[in-house]
Amino acid sequence: MFRKVFSRHLEGLSSSDVVVTPRIYRSLRRKITALMLITATLPLAIMAALNYYEYQKALSREIQNPLRVIVNKAKNSFELFLAERTSAVGFIAQAYTFKELADDKDLARILKILQTEYVGFVDIGLINDKGELVNYVGPYALKGHNYAEQTWFNEVRVKGRYISDVFMGFRKFPHVVVAVRHTLDSGEPFIVRATLDTHQFDKIIVAMGLEPGSDALLLNRAGILQTSSQRFGKVLDTFSLPMPPPTFEATVLQQQDAEGEDIFLAYTYFPESDFVLAAIKPKAQMLRTWYTVRGDLVFIFCAGVLAVFVASYKITDLLLRRMREAEEQRELALRQVEHAQKLSSIGRLAAGVAHEINNPLAVINEKTGLMRDLIDLREDFPDKERYLQLIDSVLKTVIRCRDITRRMLGFARRLDVSLEELDLNDVLQETSGFLTQEALHRKIELSLTLDANAPRIVSDRGQLQQVFLNILNNALAAVPDAGRIDVCTRGDGEGVCVEVRDNGCGMSKDTLTCIFEPFFTTKKTKGTGLGLSITYGIVKRLGGEISVESEVDKGTVFTLCFPKHPKHEA
Amino acid sequence: MKKIKLLLVDDEENFVNTLAERLKMRDVPSKVVYSGEEALEAVKSEVPDVVVLDLRMPGIDGMEVLRKVRQTNPDVRIVILTGHGNEVIEEEAKKLGAFHYHKKPVEIDELLGTVKKAYREKLEDAMVAATFAQAGAFDEAHEILDEEK
């Protein structure tokens, strides 16, 4: 398929025979440029896109990993903290007898030791199987409270251990309850219940060392905040984001917060308790490096595309210009060769015809001459005058024919050019001198504007005269009476150019294409059609150039340029 | 003036006979031959003063005749009269020693003028040579006679 498309669009490149017009060049330019652009930018774009995504992925992993590590560490701290406290309470429940624990003094001593060894204990209490608070040491007057109706009481009775969510409770400040059941030898169970200050949670979160703008918080599974946070509210507020799916591995999610800002949410569920630890980092902050990298990437890509575009455009331009030049040169050369061949073959033909006609013409000449001689000799020839007139007319016609054949031969002849250094202006002045009389008679203004600084050239005076005589004669024939012919010369380092401009009848395009061909004439009976082809031949022989421009009814301009030295021509 | 011994050479009989007749009317009789071979024969049997010679003829052409006659009889003046030929051929003929080059068709009086001029020149050369010969200066006489060799 591609092949088809390519061959269809690029056929202009391979086929050299088509005449290449500017329109084809334009479409060719479009196609080449497009092709180069596509071949150059497509891989670039793919590379850039791959780079973009790979880099984004790598960077995002790089950014997420530390977050995951921090969350894991903090989770361990929390678990350790809770496990320590729970085992301390468990130890108390087992190490002491119910009696000892029921004793105010003993319990006060135990709490004091606890508070010394483990930071965070606020109070401690002993609850019997019926849910009554048997003994209590702490800042609040809670003794006699009955917990039988509360869910945690039933849970600890069944599971043996219980860690509560953070709650305000009777104490009116956020705390966590740790309860451990122990069964006496008698089979009667009792519960030791201690309260922990959540201050410790805040400390662990601070220890995570999060950057400003980031946030970490402890939640329960229902989405209630267990610690205060900067952006998600105070303890016991509801978390503004939906709870992530449960997992005990530290996991990073990319999502939007309530304000629509992109964030990374790193979280983990606690296997031993109902807590969920979450750390939130705004994406923008984390991806700042990524954004700079992306900016560079985009810049380099754009610059690359631009460079490719400019380069392909320039190269195409150059390529096409070369092609065009070559094409034009080829065409010009072909045209010249064609023209030269045409002229030379017609010339040979003309010469042959002229030769063949000369012999019969000579016979006519002699026979007619003899007739005249005979009539002349006889005094008594009837109608002598009339016959002599007729014979003279035949002889004049013979001479006319002879002149025509001579001119035809002149067109074909290979002249030995006799070169001399001459001033073209002089030649022009001399030649135009022949014609001033006719010009005057017809009130034609024949003006010469000669460049006095024109260099002298090496050329053939006689042939130049013939050339200018031909051209000026044509101009005289073309202009109406009271018309105008301007001849001007221009010299430069290379040679001299002569411009002959008339305001005569001009020529059509068709005429213009054949004016240098032999036997082409617009003068019907008066001309032989050889003048300009002879002129052309001479100018070429002298190493010059002749060109013509014309517009019907506006006039004609012949421009002839002669080099300082004629190039040697065979 | 003594009669000119004139030889006309042309394969176009129609032309050359008429020409001969007209020349005779003008008091210049001539011998007419129609080919190069005949021309050489005629020169051998009776050396003419002037030859009017066509160039393009079947067999031995005019240029060949010109060359041979100039070799054997350098004092014979040869006038070319041809419808063919161009400047290159004219140049060649002149180099070979043709007295004049006429293109057909030509005015009878013009041709006659050239023939007479050629004859006069030949006579003058001969006379100068005779003068030198009379004075015993044979070398000079030969030189004059051979100068166009």
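The values are calculated or read from the model by the stated rules, or taken from the named source; none is laboratory data. These figures come from a predicted structure and were not determined experimentally. A quick note on method: Cβ atoms are made from the backbone with ideal geometry, for glycine too, and the neighbour counts reach across all protein chains shown.
Sort out which residues of the stretch A:488-507 are surrounded by 19 or more Cβ atoms within 10 Å (Cβ to Cβ) and either of a type in the set (Phe, Trp, Tyr) or not in a loop (DSSP other than H, G, I, E, B) (or both), and write them in order of number.
A:489, A:491, A:495, A:496, A:497, A:498, A:500, A:502
Which one of these is away from chain A (no Cβ under 11 Å), buried (at least 20 other Cβ atoms within 10 Å of the Cβ) and closer than 15 Å to residue B:77 by Cβ: B:28, B:47, B:43?
Values: B:28 fails: buried (at least 20 other Cβ atoms within 10 Å of the Cβ); B:47 fails: buried (at least 20 other Cβ atoms within 10 Å of the Cβ).
So the residue among B:28, B:47, B:43 that is away from chain A (no Cβ under 11 Å), buried (at least 20 other Cβ atoms within 10 Å of the Cβ) and closer than 15 Å to residue B:77 by Cβ is B:43.
With the condition being among the β-branched types (Val, Ile, Thr), I'd like the helices (runs of 4 or more DSSP H) fully within the stretch B:1-119 carrying at least 2 qualifying residues. Even if it seems obvious, please write down each step before you answer.
Details: elements: B:13-25, B:36-45, B:62-72, B:87-95.
Fully inside the stretch B:1-119 and qualifying: B:13-25, B:62-72, B:87-95.
Within the bounds of the stretch A:361-375, is there any residue that is away from every other protein chain (no Cβ under 11 Å) and either part of a helix (DSSP H, G or I) or in contact (Cβ under 8 Å) with a residue 12 or more places away in the chain (or both)? Outline the logic, then answer.
Here is the first cut: in the stretch A:361-375, the residues away from every other protein chain (no Cβ under 11 Å) are A:375.
In the following step, the residues that additionally are either part of a helix (DSSP H, G or I) or in contact (Cβ under 8 Å) with a residue 12 or more places away in the chain (or both) were identified as A:375.
Yes, that holds for at least one residue.
Do you know which of the residues in the stretch A:410-462 that are within 14 Å of another protein chain (Cβ to nearest Cβ) and buried (at least 19 other Cβ atoms within 10 Å of the Cβ) is modelled with the highest pLDDT?
Quick first cut of the stretch A:410-462, residues within 14 Å of another protein chain (Cβ to nearest Cβ) only: A:410-418, A:460, A:462.
Filter once more, keeping what is buried (at least 19 other Cβ atoms within 10 Å of the Cβ): A:410-412, A:460.
Details: A:410: 64, A:411: 59, A:412: 57, A:460: 82.
By that ranking, first place goes to A:460.
Look through the stretch A:550-570, keep the residues that are touching a strand residue (DSSP E or B) at 6+ places or on another chain (Cβ under 6 Å) and assigned to a loop (DSSP other than H, G, I, E, B), and return whichever of them is modelled with the lowest pLDDT. Show your work before the answer.
Restricting attention to the stretch A:550-570, the residues satisfying the condition of being touching a strand residue (DSSP E or B) at 6+ places or on another chain (Cβ under 6 Å) are A:550, A:555-565.
From what is left, the residues that are assigned to a loop (DSSP other than H, G, I, E, B) are A:564-565.
Details: A:564: 87, A:565: 84.
Of everything passing the filter in the stretch A:550-570, A:565 is modelled with the lowest pLDDT.
Name, by its number, the condition in (1) in a strand (DSSP E or B); (2) under 22 Å from residue A:401 (Cα atoms) that does not hold for residue A:485.
Result: residue A:485 fails condition (2) only.
Take the residues in the stretch A:244-276 that are without any contact (Cβ under 8 Å) to a residue 24 or more places away in the chain and in a strand (DSSP E or B), then tell me which one is farthest from the chain's Cα centre (by Cα).
A:253
How many of the residues making up the stretch B:56-73 are at pLDDT 90 or above and either in contact with a Pro (Cβ under 6 Å, 6 or more places away or on another chain) or farther than 15 Å from residue B:7 by Cβ (or both)?
So the answer is 4.
If we keep just the residues of the stretch B:4-25 that are farther than 17 Å from residue A:367 by Cα and in contact with a Pro (Cβ under 7 Å, 6 or more places away or on another chain), which is farthest from the other protein chains (Cβ to nearest Cβ)?
Start the filter on the stretch B:4-25 by keeping residues that are farther than 17 Å from residue A:367 by Cα, which leaves B:4-7, B:9.
Then keep just the ones that are in contact with a Pro (Cβ under 7 Å, 6 or more places away or on another chain); that gives B:5-7.
On the way: B:5: 21, B:6: 15, B:7: 17 Å.
It comes out as B:5.
Taking the criterion of being of a type in the set (Gly, Ala, Ser) and either touching a helix residue (DSSP H, G or I) at 6+ places or on another chain (Cβ under 8 Å) or part of a helix (DSSP H, G or I) (or both), would at least one residue in the stretch A:508-520 satisfy it?
Taking the stretch A:508-520 and keeping what is of a type in the set (Gly, Ala, Ser), we get A:508.
Filter once more, so that each one left must be either touching a helix residue (DSSP H, G or I) at 6+ places or on another chain (Cβ under 8 Å) or part of a helix (DSSP H, G or I) (or both): none.
No, the stretch A:508-520 contains no residue that is of a type in the set (Gly, Ala, Ser) and either touching a helix residue (DSSP H, G or I) at 6+ places or on another chain (Cβ under 8 Å) or part of a helix (DSSP H, G or I) (or both).
Given the condition within 14 Å of chain B (Cβ to nearest Cβ) and either under 24 Å from residue A:563 (Cβ atoms) or in a helix (DSSP H, G or I) (or both), answer yes or no: does some residue in the stretch A:377-385 qualify? Before you say what the answer is, go through the steps one by one.
Within the stretch A:377-385, the first condition is being within 14 Å of chain B (Cβ to nearest Cβ), and the residues that meet it are A:377-378.
Okay, now just the ones that are also either under 24 Å from residue A:563 (Cβ atoms) or in a helix (DSSP H, G or I) (or both), so A:377.
Checked the stretch A:377-385: at least one residue is within 14 Å of chain B (Cβ to nearest Cβ) and either under 24 Å from residue A:563 (Cβ atoms) or in a helix (DSSP H, G or I) (or both).
May I ask you to say which residue of A:264, A:248 is more than 19 Å from residue A:59 (Cβ to Cβ) and in the same structural domain as residue A:200 (by TED's automatic domain parsing)? Steps first, please.
Numbers: A:264 fails: more than 19 Å from residue A:59 (Cβ to Cβ).
That would be A:248, the only listed residue that is more than 19 Å from residue A:59 (Cβ to Cβ) and in the same structural domain as residue A:200 (by TED's automatic domain parsing).
Tally time: how many residues in the stretch A:353-383 are small (Gly, Ala, Ser) and either in contact with a strand residue (DSSP E or B) (Cβ under 9 Å, 6 or more places away or on another chain) or loosely packed, with under 14 Cβ neighbours inside 10 Å (or both)? Before the answer, list the steps.
Let us first name the residues in the stretch A:353-383 that are small (Gly, Ala, Ser), namely A:354, A:362, A:369.
If we keep only those that are either in contact with a strand residue (DSSP E or B) (Cβ under 9 Å, 6 or more places away or on another chain) or loosely packed, with under 14 Cβ neighbours inside 10 Å (or both) as well, we get A:362.
Qualifying residue count for the region: 1.
Just give me the residues in the stretch A:84-94 being surrounded by fewer than 16 Cβ atoms within 10 Å (Cβ to Cβ) and over 13 Å from residue A:120 (Cβ atoms), in sequence order. Before you say what the answer is, go through the steps one by one.
Of all residues in the stretch A:84-94, those surrounded by fewer than 16 Cβ atoms within 10 Å (Cβ to Cβ) come to A:84, A:87, A:91, A:94.
Scanning the stretch A:84-94 gives A:87, A:91, A:94.
Being surrounded by 15 or more Cβ atoms within 10 Å (Cβ to Cβ), among the aliphatic types (A, V, I, L, M) and part of a strand (DSSP E or B) is true for just one of A:196, A:241. Which residue is that?
Numbers: A:241 fails: part of a strand (DSSP E or B).
None of the other options fit; the residue is A:196.
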